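A short worksheet on the structure shown next.
The values are calculated or read from the model by the stated rules, or taken from the named source; none is laboratory data. On a predicted model such as this, the values are computed, not experimentally measured, just so you know. Positions of Cβ are generated from backbone atoms using ideal geometry, with glycine treated the same way; all protein chains shown enter the neighbour counts. The area values use the complete protein model at the heavy-atom level, side chains included, leaving out ligands, DNA and RNA. Shrake-Rupley method; radii C 1.70, N 1.55, O 1.52, S 1.80 Å.
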Amino acid sequence: MSLIEKSEKVLGKIHQIIKGKKKKEDKLSQILKLIVKHADIDQDKYFLLGSYAIRKHRTINDLDINMEKLEWDKLRAAFPTPDDKNFPWKTEWYGDQWRWFIELTPYYRKHVDKNEKDFSIEMFRKEKTSGFPNDTFSLSYLRRNKGLDRDKNGHQHFKLKTLLKWKKTMNREKDQKDIELIKSIMK
């Protein structure tokens, strides 16, 4: 089976997940697991950046992921983007880094919720010592300082305490509600 045919098969499975009865965050995690398996990515070499730790308390619309360079390169190689195929993923230079992005919002709108604003996954190519917005949010620092948890699909993500620190560091207007939510959860 060619790489294109394998990619088409993965896309079919992604569509089945989207049509399923699970919650958005569970669908995103399941899709990520499928992508990681297809690309043979080591689950110790990436983590979900952002609000995933509070997924049981508010809706999560997308996944942002920092991934070690060599694993990211495997991801890119496993998901071709030929001009003659309409795949929902692409690789692009985004800001000052490489990003692999899968945009599934149109399909989610068609089959689940016509008013959906976002249903996507983006993975950033990183050195394990490089984090966002600073290196205390790098994979190596977080693993060394036990700042990560795992979900039921094996994906590493910020612990609540780490997420609170990250939200305070980011200090964007949209983070203020999450900061209060996290504080209340941690009580």
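Taking all protein chains into account, the per residue accessible area for the chain stands at 55 Å² (1.4 Å probe). By definition, a body whose alpha carbon gyration tensor gives a ≥ b ≥ c is oblate when a/c is 1.5 or more and a/b is not larger than b/c, and the stretch 1-80 fits this oblate description. At R0 = 25 Å, how high is the FRET efficiency between residue 101 and residue 15 if r is their beta carbon distance? Nearest 0.05 is fine. The formula returns an efficiency of 0.90 here. For the chain, the longest principal axis of the C-alpha atoms and the axis of helix 69-78 are separated by about 30°.
Calculate the FRET efficiency for residue 179 and residue 2 from the Cβ-Cβ distance with a Förster distance of 35 Å, rounded to the nearest 0.05. Could you put the intermediate results ahead of the total?
Numbers: r = 48 Å, r/R0 = 1.37.
That gives a FRET efficiency of 0.15.
Only Cα pairs under 8 Å and 6+ residues apart enter the sum, and on that basis the relative contact order of the stretch 111-187 stands at 15 percent.
Using a probe of 1.4 angstrom, how much of the accessible area of the stretch 8-78 is carbon and sulfur, in percent?
Working: 1480 of 3240 Å².
C and S atoms contribute 46 percent here.
Annotation for residue 43 and residue 69: the two label points, set 7 Å from Cα along the Cα-Cβ direction, are 2.7 nm apart.
Tell me the relative contact order for the chain as a rounded percent, counting alpha carbon contacts under 8 Å between residues six or more apart. Worked out over the chain, it gives 23 percent. Take each peptide in 115-126, 41-52, count the other Cβ atoms within 10 Å of every residue, and average; sorted highest first, the result is 41-52, 115-126.
Largest first, how would 111, 38, 157 line up by accessible area (1.4 Å probe)? It would help to have the intermediate numbers written out before the result.
Working: 111 75, 38 50, 157 10 Å².
Greatest to least solvent exposure: 111, 38, 157.
Once the Cα atoms are used to define both axes, helix 160-170 deviates from the longest principal axis of the chain by about 90 degrees.
How much length would be gained if the chain were fully extended between residue 165 and residue 110, taking 0.36 nm per residue of separation minus their Cα-Cα distance, in nm to one decimal? Numbers along the way, then the final one.
Working: separation 55, 0.36 × 55 = 19.80 nm, distance 3.70 nm.
Full extension of this stretch gives 16.1 nm more.
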